[in-house]
1. Out of the residues in region 230-259 that are free of Cβ contacts under 8 Å to residues at least 24 places away in the same chain and not hydroxyl-bearing (S, T, Y), which is surrounded by the most Cβ atoms within 10 Å (Cβ to Cβ)?
2. Looking for whichever is touching a strand residue (DSSP E or B) at 6+ places or on another chain (Cβ under 8 Å), within 11 Å of the ligand (Cβ to nearest atom) and at pLDDT 95 or above here; the options are L17, L50. Which one fits?
3. In region 128-145, what count of residues is obtained for those that are touching a Gly at 6+ places or on another chain (Cβ under 8 Å), outside any loop (DSSP other than H, G, I, E, B) and crowded, with 22+ Cβ neighbours inside 10 Å?
4. So which residues in region 201-223 are assigned to a helix (DSSP H, G or I), near the ligand (Cβ under 9 Å from one of its atoms) and buried (at least 18 other Cβ atoms within 10 Å of the Cβ)?
5. Restricting region 68-126 to residues that are among the acidic types (D, E) and under 21 Å from the mean Cα position of the chain (by Cα), which is nearest to the ligand (Cβ to nearest atom)?
6. Any residue at all in region 45-64 that's within 24 Å of S234 (Cβ to Cβ), in contact with a Pro (Cβ under 8 Å, 6 or more places away or on another chain), surrounded by 22 or more Cβ atoms within 10 Å (Cβ to Cβ) and not acidic (D, E)?
7. For region 146-167: of the residues being part of a loop (DSSP other than H, G, I, E, B) and within 13 Å of the ligand (Cβ to nearest atom), which is surrounded by the most Cβ atoms within 10 Å (Cβ to Cβ)?
8. Taking into account only those residues within region 74-89 that are in contact (Cβ under 8 Å) with a residue 40 or more places away in the chain and either exposed (fewer than 13 other Cβ atoms within 10 Å of the Cβ) or aliphatic (A, V, I, L, M) (or both), which is farthest from T19 (Cα to Cα)?
Amino acid sequence: MRTTRRPSWLRPGRHVLVTGGSSGLGLELCRRFVARGVSVTIVARDRDRLSACADELTRLACDGASVATVSVDVAVPDSVERAVTGIARIRPLDGVVTSAGIMREGRVGDLSLADYSDVLDINVLGTIAVIRAALPHLPRPGGLVVPIASVAGLTGVYGYTAYCAAKHAIVGFADALRYEVEPDGIGVQLVCPGEFDSPFVDALDKTRTPENRAHTLTIPKLPAGRIADSVIASMDRGGSRRVVPGTMTQLIVLGQHLAPAAGRFVGRRKIAAVQNAMPAPP
Ligand SMILES: NC(=O)c1ccc[n+]([C@@H]2O[C@H](COP(=O)([O-])OP(=O)(O)OC[C@H]3O[C@@H](n4cnc5c(N)ncnc54)[C@H](OP(=O)(O)O)[C@@H]3O)[C@@H](O)[C@H]2O)c1
């Protein structure tokens, strides 16, 4: 019997809006999109970095893929609405990937309320504003929404009270959104990576608490390209799912889900080991 293969969702002619596409995971994804003939529009703030990315991606582009960039702060809702409507008017949108995000790490009393506000405004409201603005422009059926959350959206991590609050919010948003958009044929692929190499982590490494470093690295760090490959494989298939890149990361997430008390016990031991090795205050 002959079986008909479903065509890849990522195919020449598609157009994907990528927030945070000028760095880290977003940029890795854009490299793969344009190499597959998928057009991208990147949203980020820094114009110089956007222009350097546009040059690089245009050189990589195949099969008529186009590259456009728009400088927008996703934490400013009116600008987001205007920008997304303008982007969709120029070229119909097929999908949206929200990778724009920031990090503030520290003990709860060491983070200011302004830190919490920045993290929640950019990582949560920025993500929601972009997806909300893009949804009316996505094809039904066939549209794809890909929010980049984190393993920190599925569990607690030392030093991440702001970041975990934000990423848990994105997990909840995506899980609730599915009920509204799946009946129309729009897929929601929620991506929850563990730590991967990126400028975001380079900056974090300069200031992070030793406890955060030890606790976070319970899950092995992966190259950004490995995370991007998992996201691409999932987008290729279309539809809805939760994507946790890396077998070890999946096993640890599953273990924490099935036995949360054991997960907390392991975390507390790692944190205590670091604290016990610290010099006593004078
Ligand atoms: N790196 C990790 O270990 C890790 C692990 C799990 C999840 N994640 C998540 O993965 C996503 C990408 O992380 P990454 O490591 O690739 O970060 P990255 O290299 O720092 O890139 C962040 C991107 O977001 C953009 N951005 C930040 N604030 C913005 C704003 N207000 N408006 C518009 N664009 C903004 C940045 O450009 P501009 O600064 O020019 O605006 C940049 O393009 C984030 O959501 C992060 O939380 C990262």
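1. Q250
2. One residue alone meets the criteria, L50.
3. 2
4. Matches in region 201-223: L204, T216.
5. D73
6. The answer is no, given that none of the residues of region 45-64 is within 24 Å of S234 (Cβ to Cβ), in contact with a Pro (Cβ under 8 Å, 6 or more places away or on another chain), surrounded by 22 or more Cβ atoms within 10 Å (Cβ to Cβ) and not acidic (D, E).
7. Per the criteria, the residue is A149.
8. A88
The values are calculated or read from the model by the stated rules, or taken from the named source; none is laboratory data. Nothing here was measured: the structure is a model prediction, and the numbers come from that model. Don't worry about glycine lacking a Cβ; one is built from the backbone with ideal geometry, like all the others, and counts go over all protein chains shown.
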